[in-house]
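Note sheet for the following structure.
The values are calculated or read from the model by the stated rules, or taken from the named source; none is laboratory data. Bear in mind that the values here come from a model prediction, so they are computed numbers and not experimental data. Please note: Cβ atoms are built from the backbone with ideal geometry, for glycine as well, and neighbour counts cover all protein chains shown. Just so you know, the surface numbers come from the protein's heavy atoms only, side chains and all, with ligands and any DNA or RNA stripped out. Shrake-Rupley method; radii C 1.70, N 1.55, O 1.52, S 1.80 Å.
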Amino acid sequence: MSAPEVSDIVPPVGGGIRQRLRVAPAATPVDLAAIDPRATPGLPGPTVTGPDRKSWCRAQVRLAGAELARQQEMLFASVKVDPADDRRVLLVLQAMDCGGKDGTVKRVAGAMNPLGLRITSFGPPTDEELKHRFLWRIRRALPPAGHVGIFNRSHYEDVLIGRVEALAPEEIVRQRYDEINAFEQELAAEGVSLVKVMLHISRDEQRERLLERLTDLRKHWKYDPSDVDARARWDDYQAAYAEALSRCATDVAPWYVVPADRKWYRDWAVAHLLRETFATLDLGYPPPTVDLARERRRLLSGWAGQGEQRVNGA
């Protein structure tokens, strides 16, 4: 089966999806209440998608996934050939509980080669991690050059749950915004292309997904009573997200808010965020490092064939 053509992938309308979903740095927090979690910015109209937008998006995500796999391979190959090339891509996913981080990883990154992919999920810090500064465990999980990294939760937990649950003094939490900005500036200088995504779901949608975990046998293992405890502080978490988005949205490490009530739109939007990020790297397959004609003659020569026969007959 031949690989899908890039021309089969329909781009977002009204400009790139990065432009449509990007958080602009501002002096005041982002108003998340003004962003509709069921909206579909950039999605083509029904004349393109047909009446079944869900199926259309899923088909487009599969095509985009194949293209992302090709881009990932070119990134890996470029660094393999040129060790001085330190480029890599890091997707950071943040969301309220049931926001769809796992589903996004599965559907958007599923086509990529595991050899060039590094996925890290961050839970509560271990005893060892608590002995170090909050960015210590993040640095240890960064993708190597030539790889794509995905953070399922991230260093932002320390200004989200750390703030809402008062896990550190307020002045310490607020210092972390500047530390995060300096850290991300450092990453960008080291060749890391950051794609920071907040999957924005509504409170009603979260309730339905939590109820599904209680009623679907296949999802019982996902249910955690602490999610309901956090849900009781929904407004506090929304305020913490809003401030983090505004304080840490920079030119080198922008934030994107993806409406995520509709899973099929969520996956489509994140896939295009990654495609547009890869496009900025202007990747291509590296030129050969051997004499192709000579190697072809060696493979086709009688000497090579006799050598193979001797080895096989030994």
| field | Output for the range 215-226, where each listed residue is closer than 29 Å to Arg53 by Cβ and either out of contact with any helix residue (DSSP H, G or I) (no Cβ under 6 Å at 6 or more places or on another chain) or surrounded by 20 or more Cβ atoms within 10 Å (Cβ to Cβ) (or both) | value | Thr215, Asp216, Arg218
| field | Subset of the range 77-99 (residues that are open to solvent by 30 Å² or more (accessible area, probe 1.4 Å), over 16 Å from the mean Cα position of the chain (by Cα) and under 16 Å from Thr280 (Cα atoms)) | value | Asp86
| Candidates Val81, Val105, filtered to the one that is among the β-branched types (Val, Ile, Thr), at pLDDT 95 or above and on the phi < 0 side of the Ramachandran plot | Val105
| query | Quick one: would you say Thr104 is among the hydroxyl-bearing types (Ser, Thr, Tyr) and buried (at least 20 other Cβ atoms within 10 Å of the Cβ)? | reply | yes
| task | Could you grab me the full set of residues in the range 40-72 that are of a type in the set (S, T, N, Q) and touching a strand residue (DSSP E or B) at 6+ places or on another chain (Cβ under 9 Å)? | result | Thr40, Gln71, Gln72
| task | Having 3 or more residues that are closer than 30 Å to Cys57 by Cβ is the bar; report the helices (runs of 4 or more DSSP H) wholly within the range 92-204 that clear it. | result | 101-108
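Quick grid of which residues meet (1) modelled with pLDDT of 95 or more; (2) in contact with a Phe, Trp or Tyr (Cβ under 8 Å, 6 or more places away or on another chain); (3) under 20 Å from Gly103 (Cα atoms); (4) in a loop (DSSP other than H, G, I, E, B):
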{"residue": "Tyr241", "(1), (2), (3), (4)": "yes, no, no, no"}
{"residue": "Val257", "(1), (2), (3), (4)": "yes, no, yes, no"}
{"residue": "Leu299", "(1), (2), (3), (4)": "no, no, no, no"}
{"residue": "Gln306", "(1), (2), (3), (4)": "no, no, no, no"}
| task | Inspect the range 94-109 for any residue being over 30 Å from Arg38 (Cβ atoms) and out of contact with any Asp or Glu (no Cβ under 7 Å at 6 or more places or on another chain) and give the result as yes or no. | result | no
| Just for the range 152-169: of the residues that are among the small types (Gly, Ala, Ser) and either open to solvent by 10 Å² or more (accessible area, probe 1.4 Å) or touching a Leu at 6+ places or on another chain (Cβ under 8 Å) (or both), which one is farthest from Asp236 (Cα to Cα)? | Ser154
| query | Pairs under 7 Å by beta carbon, first residue more than 22 Å from Ala141 (Cβ to Cβ) in the range 151-172, partner charged (D, E, K, R) and assigned to a loop (DSSP other than H, G, I, E, B), six or more apart or different chains? | reply | Val164/Arg233
| query | Looking at the range 12-37, which of the residues that are loosely packed, with under 15 Cβ neighbours inside 10 Å and under 20 Å from the mean Cα position of the chain (by Cα) is modelled with the lowest pLDDT? | reply | Ala24
| Filter result for the condition that a residue is of a type outside the set (Val, Ile, Thr) and surrounded by 14 or more Cβ atoms within 10 Å (Cβ to Cβ), over Ala182, Ala188 | Ala188
